[in-house]
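> Quick one: this structure, given as structure tokens, is what I'll be asking you about.
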Amino acid sequence: MMQNNLTETRQFTEADSGVKKTREHAFASLNFLRGLSAAVVLFNHTATCVSSGKNLLTFNWGGLAVDVFMLISGFLMMWHFYERRNRGESWGSSKTCLKFYVRRFFRIAPLYYCLLLVVYFFHDGLQQLQAHNQSVFQPTYVSGPHDPTSTEMSVAQVLTHFSFAFGLIPRYAASSPLPDWSIGLEMQFYLFFPFLALLLVRSQFIWGTALLLATSWVSLKLFGVGVNAEPGWLGVFSYPTLLPFRIDCFLVGMLLAAGLYEKDSFAKRTFLLLLALLVAGIYMKKFLLICFLFAFYELALNYGTGLPPLDRMVNRASRVVGHRIFKFMADASYGVYLIHMPLLVLVIWLLTQLSSFAGLSPVMRFICGLLVIIPLVYTLAFLAFKYIESPGIAWGRQIIKRMR
């Protein structure tokens with residue numbers, strides 16, 4: 001999503017850091033979460049595309065996976081906040097913030113812009129294929145009665161997407177063939193992150209957390225959120241594309257990072273982690289479970305539990321979590337998230353041309369769809385990571401070096 005290169009969490013080189021080396025932490029657990037989350041989104045959308053009016057998955061696991069992406073973003077940005085501050089960089093400095101914005105832009109924008117050009121070039125064709133697929137599998141599908149989203153091509157739509165401002169406008173919040181509603185949300189978080197981090201740290205996390213949660217609560221009272229939502233006082237958004245709607249997900253990640261980074265005070269670390277779990281529990285019980293397991297795993301891995309059987313279990317889990325397949329899935333996750341939806345529309349359309357596919361049961365259509373889409377989307381996503389994302393990150397680093 002909501003989508004950070006976890007290789008950035010490794011130890012910074014002396015050339016990049018200038019004065020101090022920072023802690024080494026590869027965060028294999030975040031590779032694991034990110035790789036699985038992208039796969040869950042792919043599975044969820046495949047189930048939706050081949051179902052007959054009702055998703056095969058009884059819970060919106062795709063929505064939860066996007067929340068996890070936001071959690072990861074909040075965690076990594078806060079971890080980097082502490083590491084760069086530990087190196088002597090001041091987050092009150094415009095230069096530090098500018099370097100942060102350059103890194104984030106060149107992490108997100110290159111692949112996103114490339115795929116936007118592709119889907120805009122084939123926009124009309126993709127819309128026709130999507131309409132055909134819905135007529136076959138979801139003939140009764142209609143958008144929500146108060147859904148303001150428009151998928152028509154226009155100059156405004158193109159400009160708002162290339163500027164990442166589309167999430168601020170209900171009409172364009174989900175108007176692209178890409179599943180990019182969370183990308184605009186991610187860029188909003190990056191824009192305000194230095195201010196949010198300073199607010200939390202300077203308020204000892206208590207009043208800052210309360211203020212952000214209050215902002216989220218007020219925004220959800222002022223706006224309706226959801227395809228079938230009733231308009232609030234100020235209107236309705238089909239997707240939660242305003243930062244206040246999902247600030248709690250980012251906030252939990254920031255609090256977890258602050259707690260796990262804290263090494264000097266056991267009491268402060270405990271307070272921050274419990275505060276993170278409290279906010280996660282307020283948001284969603286399933287989200288709380290993921291946050292609890294992540295925090296417990298990291299604490300047990302770094303400090304031990306004092307219980308030999310449990311420590312052995314954690315060590316075994318670390319070998320699974322650190323397996324290279326999850327590193328591969330994490331590297332490909334941003335590409336999987338962006339590429340899979342237009343490709344899925346094309347694949348499902350091609351499969352419907354085979355008379356046997358449309359006559360299969362929903363479960364069999366789901367399985368067949370996955371067998372076709374998984375190798376295609378992961379191959380393209382990995383190529384995108386190697387030839388677009390990685391060079392984009394390198395361009396950002398070169399610009400920052402010139403800034404010095």
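The values are calculated or read from the model by the stated rules, or taken from the named source; none is laboratory data. Because the structure is predicted, anything quoted here is derived from the model rather than measured. Cβ sites come from the backbone with ideal geometry, for glycine too, and all protein chains shown count toward neighbours.
> Kindly state which helices (runs of 4 or more DSSP H) lie completely within segment 287-396 and contain at least 2 residues that are under 19 Å from F32 (Cβ atoms) and either touching a helix residue (DSSP H, G or I) at 6+ places or on another chain (Cβ under 7 Å) or at pLDDT 90 or above (or both). If you could, list the steps in order and put the result at the bottom.
Values: elements: 308-321, 324-352, 355-358, 362-384.
The qualifying helices (runs of 4 or more DSSP H) are 308-321, 324-352, 362-384.
> A follow-up question, please. So in segment 93-136, with the set limited to residues that are more than 19 Å from L350 (Cα to Cα) and of a type in the set (F, W, Y), which one is surrounded by the fewest Cβ atoms within 10 Å (Cβ to Cβ)?
F121
> How do the pairs read when you match residues in segment 240-267 that are within 17 Å of F205 (Cβ to Cβ) and touching a residue at least 24 places away in the same chain (Cβ under 8 Å) with residues anywhere that are of a type in the set (S, T, N, Q) and crowded, with 24+ Cβ neighbours inside 10 Å, using Cβ under 7 Å and keeping only pairs 6 or more apart or on different chains?
Note: pairs meeting the criteria are F250/S73; G253/S73.
> Now for a different question. Examine segment 176-195 for a residue that is among the aliphatic types (A, V, I, L, M), touching a Phe, Trp or Tyr at 6+ places or on another chain (Cβ under 9 Å), in a loop (DSSP other than H, G, I, E, B) and modelled with pLDDT under 95, and state whether such a residue exists.
Checked against the condition, which is being among the aliphatic types (A, V, I, L, M), touching a Phe, Trp or Tyr at 6+ places or on another chain (Cβ under 9 Å), in a loop (DSSP other than H, G, I, E, B) and modelled with pLDDT under 95, segment 176-195 yields at least one hit.
> Does any residue of segment 276-286 turn out to be among the hydrophobic types (A, V, I, L, M, F, W, C), under 26 Å from A28 (Cβ atoms) and assigned to a loop (DSSP other than H, G, I, E, B)?
Among the residues of segment 276-286, at least one is among the hydrophobic types (A, V, I, L, M, F, W, C), under 26 Å from A28 (Cβ atoms) and assigned to a loop (DSSP other than H, G, I, E, B), which makes the answer yes.
> Just checking, does segment 213-234 include any residue being polar (S, T, N, Q), within 28 Å of K99 (Cα to Cα) and loosely packed, with under 14 Cβ neighbours inside 10 Å?
No, there is no match, as no residue in segment 213-234 is polar (S, T, N, Q), within 28 Å of K99 (Cα to Cα) and loosely packed, with under 14 Cβ neighbours inside 10 Å.
> Which residue pairs have Cβ atoms closer than 9 Å, lie 6 or more positions apart in sequence or on different chains, and pair a first residue in segment 357-386 that is farther than 15 Å from V345 by Cα with a second residue that is assigned to a helix (DSSP H, G or I) and polar (S, T, N, Q)?
Partner pairs satisfying both residue conditions: A381/S333; F385/S333.
> Given the options I399, I325, I367, name the one that is β-branched (V, I, T), closer than 30 Å to C97 by Cα and surrounded by fewer than 16 Cβ atoms within 10 Å (Cβ to Cβ). Spell out the reasoning first.
On the way: I325 fails: closer than 30 Å to C97 by Cα; I367 fails: closer than 30 Å to C97 by Cα.
The unique qualifying residue is I399.
> Something else about it: Condition (residue is closer than 30 Å to A173 by Cβ, among the hydroxyl-bearing types (S, T, Y) and outside any helix (DSSP H, G or I)) applied to segment 240-258: is it met by at least one residue?
Yes.
> What residue, of V158, V227, V236, is β-branched (V, I, T), part of a strand (DSSP E or B) and either under 23 Å from the mean Cα position of the chain (by Cα) or within 20 Å of V41 (Cα to Cα) (or both)?
When all the criteria are applied, what remains is V236.
> In addition: For D311, indicate whether it is of a type in the set (D, E) and either under 22 Å from G184 (Cα atoms) or touching a residue at least 12 places away in the same chain (Cβ under 8 Å) (or both).
It is false that D311 is of a type in the set (D, E) and either under 22 Å from G184 (Cα atoms) or touching a residue at least 12 places away in the same chain (Cβ under 8 Å) (or both).
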